[in-house]
Amino acid sequence: MKDPSAVAVFRFNGAATDVIGPLIWTCDPTTMQYTYDDAGTPTQINTVECVCGDKCFVNRGPTVAMGPEPLDMTTCIYTRSITCDPGYTMVELRQTPGSPGDFYTPRKAMRCPDGIPNRQYELTPGNWVPASNDDCRP
C-alpha cells in the first residue's frame, strides 16, 4: 500500500507523461470505457499503471556523502542514508534554513515519500519531519 502522504501518479495507455492524481474517471456511455480529463480533453483509458513520482530534494553540505537511493515500489518511498567524509563525526539536519540543527551520528536514515518536496528524517520514533539542509560537523 502506498504511503498515505504520497501523491498518486498514473501512467495511462503506456504514455511517457505521467498524470498526478487524484483524478475523476468518467464512464463514457457510448464506448463503455473510462476516460479522464487530459487538459480539457476527455481521453479514453485503455491501460493504467500506478507509478512512483520524482525523488526529493535537500540542500547538501560539501562533507555529506549519501548512499544509493533504493525505492520501495509498494510504498513509493525512497530511502537513503547520510554518511560523512572522514574526520566528520556528526550529521546536522535542519527542518528549515536557519533553524537550530538536530545532531546525529552518521548513517542517519532519510526517506522521501513520493509527492513530498523535501526529504524527511525521524526526529523522534515515528515522527518524520522535513529536512531542508543537511551537513556534517567535526
Exercise. Within the bounds of segment 107-119, is there any residue that is among the polar types (S, T, N, Q), modelled with pLDDT under 90, out of contact with any helix residue (DSSP H, G or I) (no Cβ under 6 Å at 6 or more places or on another chain) and surrounded by 14 or more Cβ atoms within 10 Å (Cβ to Cβ)?
Worked result: yes
Problem set entry | Subset of segment 120-138 that is surrounded by 15 or more Cβ atoms within 10 Å (Cβ to Cβ) and touching a Gly at 6+ places or on another chain (Cβ under 7 Å) - its residue that is farthest from Cys84 (Cα to Cα) | Asp134
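A quick yes/no check of all residues on (1) more than 14 Å from the chain's Cα centre (by Cα); (2) assigned by TED's automatic domain parsing to the domain that holds Pro22; (3) free of Cβ contacts under 8 Å to residues at least 60 places away in the same chain:
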position	(1), (2), (3)
Gly87	yes, no, yes
Leu93	yes, no, yes
Gly98	yes, no, yes
Asp102	yes, no, yes
Thr105	yes, no, yes
Lys108	yes, no, yes
Pro113	no, no, no
Ile116	no, no, no
Tyr121	no, no, yes
For this session: Those residues that are polar (S, T, N, Q), outside any loop (DSSP other than H, G, I, E, B) and modelled with pLDDT under 70, I need them from segment 1-59; list them, please.
Result: Asn59
Seminar exercise, completed: The residue that is nearest to Tyr78 (Cα to Cα), considering only those in segment 91-138 that are assigned to a strand (DSSP E or B) and basic (Lys, Arg), is Arg111
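The values are calculated or read from the model by the stated rules, or taken from the named source; none is laboratory data. Predicted, not measured: the structure shown is a model, and the values here were computed from it. All Cβ positions, even for glycine, are placed from backbone atoms using ideal geometry, and neighbour counts span all protein chains on display.
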